[in-house]
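Notes follow the structure.
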Amino acid sequence: MINKLIKFISHYINNLKENLFQPDYSYENEFNMMYFIPYSNNFGDELNEYIIKRIISNTNLKIHFINLAKKNKYNKKIRSFSLIGSIMHLLPDNTDVMGSGVNPNYPNIIKKLNILSLRGNLSKQYLNNHLGYKIDKIIFGDPALLIPRLFPEWLAPLPASETGNEIGIIPHFNDIPCVEQLMKTNSLMNIDCCYPNQPAKIVIDFIRSKKIIISSSLHGIILSEMLEKDTKWIMFDGSLKSESEFKYVEYYNSTNRYNINYAKTLKEAISISIPKPEYDDSQLFTFIKNYLFLNTEK
């Protein structure tokens, strides 16, 4: 009798939780956009705001930008989504994932995410094979691939910097100490440096002023390629430990490039040649627009 009562109460509580915490999305024309910046700036994650604001310009949609690093409270009755970033292990229940990807170094991803599109097929395989998701056909592509469509004005090059150097390096955040050491020993030669923890506008203009970009930052690579720069992939110890090759390989694969290897030195980076990306962004663009606008219709 007692066991039956306990079982009934447990079942009742579980049903109650589901009903209480199931979002009703009663706020029309509003969304929470989830991102993660644990320090002052991170230009790759800041691209989220640029992209969404451009897509919804001249509309009545309202986006609440939620930095998960700050752990602030937000309205859970508003539909939430994510775009750029390997932040799936940080996303709360019922987040709609559109273009984010997996970082295998952080496998604790919940099973209550709504996977609508992903950065690439490697993330899909990881979620299906390791975390019990059952994702079938889905759109692939990092939302930063929309940059040329949304910001054609960025394709215009800017004048070279005061140094006159045509080569720039954008390290991953965890590679900053290594690059700083290279600068102290004058090992950067005639290469200008732009750190990823600067405001996005500074990084964008830096890329526009160069002909060649060397980067261990994924969005340093993607943004440089979208702005039609000769872009080289390099890895230092910091990014190798924190990121692994997973997300870089996934990005290259999603743009029809396979067996791409990173450079281990600046000299090697300058000498390598990586094929141009091949990607039709129309599906991803239409998908994100439909998500935003169709979910606001009554």
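Rule-based calculations on the coordinates, nothing more; no lab input. Just so you know, these numbers come straight off a predicted model, no measurement behind them. Virtual Cβ from ideal backbone geometry, glycine too; neighbours counted across all protein chains shown.
Taking chymotrypsin sites (Phe, Trp or Tyr not before Pro) that fall in a DSSP loop and have at most 11 other Cβ atoms within 10 Å as cut points, what is the longest piece of the chain between them? Working shown, then result.
On the way: sites that count: Tyr39, Tyr258.
That would be 40-257.
When the helix-only estimate is applied to the chain (DSSP H runs of n ≥ 4, each -39,500 (n - 2.57), divided by the residue count), what is the mean residue ellipticity at 222 nm, nearest 500 deg cm²/dmol? Show your work: numbers first, answer last.
Details: 11 runs with 109 residues, N = 298.
It comes out at -10500 deg cm²/dmol, rounded to the nearest 500.
Amide H of Ile115 versus every other amide H placed in the peptide plane: which residues, excluding those fewer than 5 positions away on the same chain, fall under 5 Å?
It is Val97, by chain and number.
Taking Cα centroids, how far is the range 177-191 from the range 46-98 in Å?
Cα centroid to Cα centroid, the span is 36 Å.
Quick one: Kirkwood hydrodynamic radius for the chain, alpha-carbon pairs, angstrom, one decimal? Could the numbers behind the result be given before it?
Numbers: mean 1/r = 0.0485 Å⁻¹.
Every distinct Cα pair counted, the radius reaches 20.6 Å.
Apply the Karplus parameterisation 6.51 cos²θ - 1.76 cosθ + 1.60, with θ equal to phi minus 60°, to every residue of the range 64-70 and state each ³J(HN,Hα) to the nearest whole Hz, in sequence, with x for glycine and proline.
9, 8, 10, 7, 5, 5, 8
Give the distance, in whole Å, between the Cα centre of the range 267-296 and the Cα centre of the range 196-212.
First find each Cα centre; the distance between them is then 19 Å.
Which one of Asn94, Asn72, Asn42 has the biggest mean-square fluctuation once the chain is modelled by GNM with Cα springs under 10 Å?
Asn72
What's the exposure ranking of Glu243, Glu268, going from fewest to most Cβ atoms within 10 Å? Don't skip to the answer; put the middle values down first.
Values: Glu243 22, Glu268 14.
Going from sparsest to densest Cβ surroundings: Glu268, Glu243.
Treating the beta-carbon of each Lys and Arg as +1 and of each Asp and Glu as -1, no other charges, what is the dipole magnitude of the range 152-271 about its Cα centre, to the nearest 20 debye? List each step's numbers first, then the result.
Numbers: 12 positive and 15 negative charges, 24 e Å.
Dipole about the Cα centre, nearest 20: 120 debye.
How do Glu250, Glu153 line up, fewest other C-beta atoms within 10 Å first? Could the numbers behind the result be given before it?
Working: Glu250 25, Glu153 7.
Fewest-to-most Cβ neighbours within 10 Å comes out as Glu153, Glu250.
Out of every Cα-Cα pair in the range 117-270, what percent are more than 24 Å apart? Working shown, then result.
Details: 4168 of 11781 pairs.
Pairs farther apart than 24 Å: 35 percent.
Quick one: net charge of Leu227's neighbours, Cβ under 13 Å, K/R +1, D/E -1? Write down the numbers at each step before the final one.
Values: positive: Arg149, Arg208, Lys210, Lys211, Lys229, Lys276; negative: Glu153, Asp205, Glu225, Glu228, Asp230.
My count for the surroundings of Leu227 gives +1.
Identify the residues of the range 264-287 with backbone N under 13 Å of a label point that sits 7 angstrom from the Cα of Leu155 along the Cα-to-Cβ direction, or state none.
The answer is 281.
Net charge near Pro143, counting Lys/Arg +1 and Asp/Glu -1 over other residues with Cβ under 15 Å of its Cβ? Walk me through the numbers before you get to the answer.
Details: positive: Lys53, Arg54, Arg119, Arg149, Lys247, Lys289; negative: Asp45, Glu46, Glu49, Asp96, Asp142, Glu225, Glu250, Asp280, Asp281.
Neighbourhood net charge equals -3.
Taking K and R as +1 and D and E as -1, what net charge do the other residues with C-beta under 10 Å from the C-beta of Asp93 add up to? Don't jump to the answer; show the numbers that get you there.
Details: positive: Lys76, Lys111, Lys112; negative: none.
Taking every other residue near Asp93 into account, the sum is +3.
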